[in-house]
1. Determine the relative contact order of the stretch 88-195: mean sequence separation of Cα pairs under 8 Å and six or more apart, normalised by residue count, in whole percent.
2. For n ≥ 4 DSSP H runs only, could you compute -39500 (n - 2.57) per run for the chain, divide by its residues and tell me the 222 nm figure to the nearest 500?
3. Between the stretch 32-53 and the stretch 84-111, what is the C-alpha centre distance in whole Å?
4. Using the Cα gyration tensor of the stretch 88-195, with a ≥ b ≥ c the square roots of its eigenvalues, what is the shape: rounded (a/c below 1.5), prolate (a/b larger than b/c) or oblate (neither)?
5. With labels modelled as points extended 7 Å from the Cα through the Cβ direction, what inter-label distance (nm, one decimal) is found for residue 182 paired with residue 27?
6. First compute the accessible area of the stretch 62-195 with a 1.4 Å probe, then give the percent of it belonging to carbon and sulfur atoms.
7. Rule-of-thumb check for the stretch 115-176: C-alpha Rg over 2.2 N^0.38 Å?
8. Among (i) 11.1; (ii) 18.0; (iii) 13.6, find the value of mean projected area of the Cα convex hull in nm² that was calculated from the structure presented, and write down its label.
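The values are calculated or read from the model by the stated rules, or taken from the named source; none is laboratory data. Since the model is a prediction, treat every value here as computed from it, not as a measurement. Because the Cβ atoms are built from the backbone with ideal geometry, glycine has one as well, and the counts that use them run over all protein chains shown. Remember, those area values only see protein heavy atoms, side chains included, never the ligands or the DNA or RNA. Shrake-Rupley method; radii C 1.70, N 1.55, O 1.52, S 1.80 Å.
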Amino acid sequence: MADVLQLVEARLRSTLGEPDARASVTFLGTERIEVLRFLEGDVARYATVGMSAAPMTDPAAALADPERGPRAELLLSVRVGVADTDKVLRPLAVLAASPQVEGVVVAPGASLDVGDPLWPTAPFTSVLVAEPGGLVEDLALEAPREPVRFLPVLPMTPNEAAWKRVHGAAALEERWLRHGTDLRDPRRSSVPLGD
């Protein structure tokens, strides 16, 4: 387990540089989740380290395989200096602990909700899990382990989350693209959903 997390952190450092801050959160009955912050110009990238320590298991599976199964970490990118986004550390760790705590398999297209604002005054309580590979490449592990995927998470307003439940992740992403939505804006409003 520790070797996987060391490799994960090494991959993040080689791609994003040295983290300028880190925090760790431990939830009852779970392994520690760390969140690293990387600054790049006016963008802060928050990355989890700990979610990939064990493979995610389908809750319907009779037995959890300690080696096989998808592994992932979460990445959130937001503009700095606009809101107190550093308070996202605990909510992001909560989301990263959800496979251990709730037995969910986090995959692209999924919605994850913390029920409270992601940071003070944030208009978002949930995130959409996007496709990996754009920012940090998958980390191959020795067989039979599956690679660690670095999944971007995109903050959603409650209206966007409700709309996504009806129309799907691809439709919401297409709407964001069509309206030129700045998904890194920590205070953005909901994309128009009525047209």
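1. Relative contact order of the stretch 88-195: 21 percent.
2. That comes out to -8000 deg cm²/dmol.
3. If we compute the Cα centre of each part, the gap is 12 Å.
4. Prolate shape, in that a/c is at least 1.5 and a/b is the bigger ratio.
5. Each label point is offset 7 Å from its Cα along the Cβ direction, giving 3.2 nm.
6. 54
7. Computed over Cα atoms of the stretch 115-176, the ratio equals 1.40.
8. (i)
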